[in-house]
Amino acid sequence: MAEEPRLVPVRYEFDELVLRPFGPADAAELQRASVASYEHLKPWMPWAKQDLTVAEAEVTCRRLAAEYMSDTNYTVGVWNGDRLLGGSGFHLRCGPVEWRCAEIGMWIHGDHAGRGLGTRVLAGMLEWGFGDWGWERLVWKCDTRNVASARVAEKCGMNLEATHRSDSVSVEGKRVDTHLYAILRPEWAAFRAQT
Ligand SMILES: CC(C)(COP(=O)(O)OP(=O)(O)OC[C@H]1O[C@@H](n2cnc3c(N)ncnc32)[C@H](O)[C@@H]1OP(=O)(O)O)[C@@H](O)C(=O)NCCC(=O)NCCS
């Protein structure tokens, strides 16, 4: 008998939050959240744009939806009701999907940053990722200057495996170093059990 196709998860609810892929109807909210967060995102996210239009946001939403549904990149919004509080995702930058390794990315709305939300969302992504998704290894990369990002990874039990020297280029065009954090499925289970 032929093997059943693997259908990736499309929704995760925890606390009052929902993680789900973007669709065209999310354009206005994505535009509002990313423009409002511009100053917060600017140092770290090259895609941040102060004058993003709803039409441009809809192009992004459609692209992200297409990537998700074609199994090439899994970006999700972080929603509280109809308010977008940020974005995250499982990105296939660690080899083919069969290897069961992905990189988690994240941004948090500027008005909600620094209040523990990023840590909660990463914990949710790890729980969902090692649960329904079936990842075996999840990775987090950040510019070594991005203290908040590194702390979020550490607070969720991720291990600093390496610091890559001069391997990336910052938003301002300078060569920068990158921390590589990772966590394996059994490590997440152990971390969960002790916290
Ligand atoms: C990085 C980011 C996802 C963290 O999410 P957050 O909700 O702001 O973080 P939290 O409130 O959960 O804080 C986690 C830790 O970082 C620390 N932190 C938060 N903002 C900080 C800042 N600006 N400078 C230094 N430390 C900071 C917190 O104090 C906390 O550590 P502690 O418990 O030891 O005190 C978020 O700030 C963000 O969107 N940044 C811009 C985009 C980005 O850098 N994304 C990550 C790319 S790798």
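The values are calculated or read from the model by the stated rules, or taken from the named source; none is laboratory data. Since we're looking at a predicted model, the values are computed, not measured. For neighbour counting, all protein chains shown are included, and Cβ atoms are generated from backbone atoms with ideal geometry for every residue, glycine included. What goes into the accessible areas is simple: the full protein's heavy atoms, side chains included, and nothing from ligands, DNA or RNA. Shrake-Rupley method; radii C 1.70, N 1.55, O 1.52, S 1.80 Å.
Under 20 Å between alpha carbons, and skipping anything fewer than 8 positions from residue 141 in its own chain: which aspartates and glutamates qualify?
Here the aspartates and glutamates satisfying the reach criterion relative to residue 141 are 103, 127, 154, 161, 167, 172, 177, 187.
Can you give me the Cα centroid spacing of region 114-179 and region 35-113 in angstrom?
About 15 Å separates the Cα centre of region 114-179 from the one of region 35-113.
Fully extended, how many nm does the chain gain between residue 148 and residue 82 (0.36 nm per residue separation, minus their Cα-Cα distance)?
21.1 nm
Counting only protein heavy atoms and a 1.4 Å probe, tell me what percentage of the chain's accessible area is made up of carbon and sulfur.
That fraction is 53 percent.
Tell me the volume per residue, in Å³, of the convex hull enclosing the alpha carbons of the chain.
For the chain, the hull spanned by Cα atoms encloses 133 Å³ per residue.
Pairs of Cα atoms under 8 Å, at least six residues apart: use those to get the relative contact order of region 76-195, whole percent.
19 percent
Just to confirm, what accessible area per residue do you get for the chain at 1.4 Å probe, in whole Å²?
Ligands and nucleic acids excluded, the figure is 53 Å² per residue.
Report the label-to-label distance for residue 165 and residue 20 in nanometres (one decimal), using points 7 Å from each Cα along the Cα→Cβ vector.
Rounded to a tenth, the inter-label distance reads 4.8 nm.
Going by Cβ distance under 4.7 Å, what cysteines of the chain have no possible disulfide partner?
61, 142, 156
Near the amide H of residue 105, under 5 Å away, which other amide H atoms are found, from residues 5 or more places off or on another chain, if H is placed in the peptide plane?
Those lying under 5 Å, H to H, from residue 105 are 89, 91.
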